Amino acid sequence: MILFILRQNIAMSSHHIVREKQEPALYIQNLGNFNEEYLGQLLEWSPTLIVNEGNYEKVISLGLKVDVVINSSADAVFQENTRIVKGVDDNLHAVLNYLVTEKYPAVNIITADAKLMDLTAYLGDIDIVLFTETEKKYAIKSGFSVWKPKGSIFKIEIISYFETSNLKQEENGDFMVINDGFVTFNFTTAYLFISEVL
């Protein structure tokens, strides 16, 4: 009986054993020319893969198993065991509402144009990381610290005063890591929106 319960809560990938909903879900809003190596890294731990109908064919042509299709048309045909989720909102908000309801702790979103500032209502319920072809964008809380090599670039949406260590602002407004080591951010607002160049 115990073995059966464990099998219900564990999904097998080709290399790893991952507990259900332990890893961030992956929503492909717009695959475009997203780097295949980065896509492979996001898929490494077999996340729940969610797509909209417009990206479905491109995603399965890569040999991927789609778990959820959001807001599909009534006559669409999908892989076996693919769940169809309908939402009254646009696709992005429908995905986030679904993931929050299903108690996912985090989601990675491949997009061309979504903005974190438009998703702040969800940040208390789910961690969101947006990936474009060139950047990784996410919200941080005060005290956030991350190790980065010298020369790494951050773009920061300056919405309030903040203090940081190991960064210097460049003439173009980007922030560059001064030395190999930790970069720490302190500020008084709920979140600071930053992005890293991929």
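Tabulated values for the structure
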read-out	value
Residue match in the stretch 161-179 (condition: part of a strand (DSSP E or B), assigned by TED's automatic domain parsing to the domain that holds K58 and touching a Pro at 6+ places or on another chain (Cβ under 9 Å))	no
Matching strands (runs of 3 or more DSSP E) fully within the stretch 44-134 where at least 3 residues are within 29 Å of I156 (Cβ to Cβ) and in contact with a Leu (Cβ under 7 Å, 6 or more places away or on another chain)	106-110
From I140, I158, I128, residue being under 25 Å from I110 (Cα atoms), in the same structural domain as N30 (by TED's automatic domain parsing) and β-branched (V, I, T)	I128
First in the stretch 69-81 and under 14 Å from Y27 (Cα atoms), second anywhere and part of a loop (DSSP other than H, G, I, E, B) and β-branched (V, I, T), Cβ under 7 Å, 6 or more apart	V69/T82
Residue in the stretch 87-95 that is at pLDDT 90 or above, more than 20 Å from D118 (Cα to Cα) and not hydrophobic (A, V, I, L, M, F, W, C) present	no
Which numbered condition S195 misses (of (1) among the small types (G, A, S); (2) surrounded by 16 or more Cβ atoms within 10 Å (Cβ to Cβ); (3) assigned by TED's automatic domain parsing to the domain that holds L26)	(3)
Residue list for the stretch 92-128, filter: touching a residue at least 60 places away in the same chain (Cβ under 8 Å), surrounded by 18 or more Cβ atoms within 10 Å (Cβ to Cβ) and within 22 Å of S46 (Cα to Cα)	L92, V95, L99, Y104, V107, N108, I109, I110, T111
Number of positions in the stretch 162-187 that are farther than 17 Å from Y138 by Cα and either free of Cβ contacts under 8 Å to residues at least 24 places away in the same chain or out of contact with any strand residue (DSSP E or B) (no Cβ under 7 Å at 6 or more places or on another chain) (or both)	11
Filter result (within 21 Å of N33 (Cα to Cα), at pLDDT below 95 and not hydroxyl-bearing (S, T, Y)) within the stretch 117-135	E133, E135
Failed item, numbered, when T189 is tested on (1) part of a loop (DSSP other than H, G, I, E, B); (2) among the β-branched types (V, I, T); (3) surrounded by 17 or more Cβ atoms within 10 Å (Cβ to Cβ)	(3)
Some residue of the stretch 22-41 being outside any helix (DSSP H, G or I) and modelled with pLDDT under 80	yes
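The values are calculated or read from the model by the stated rules, or taken from the named source; none is laboratory data. What you see is a predicted model; the values in this text were computed from it and never measured. Heads up, the Cβs are rebuilt from the backbone with ideal geometry, glycines too, and the neighbour counts pull from every protein chain shown.
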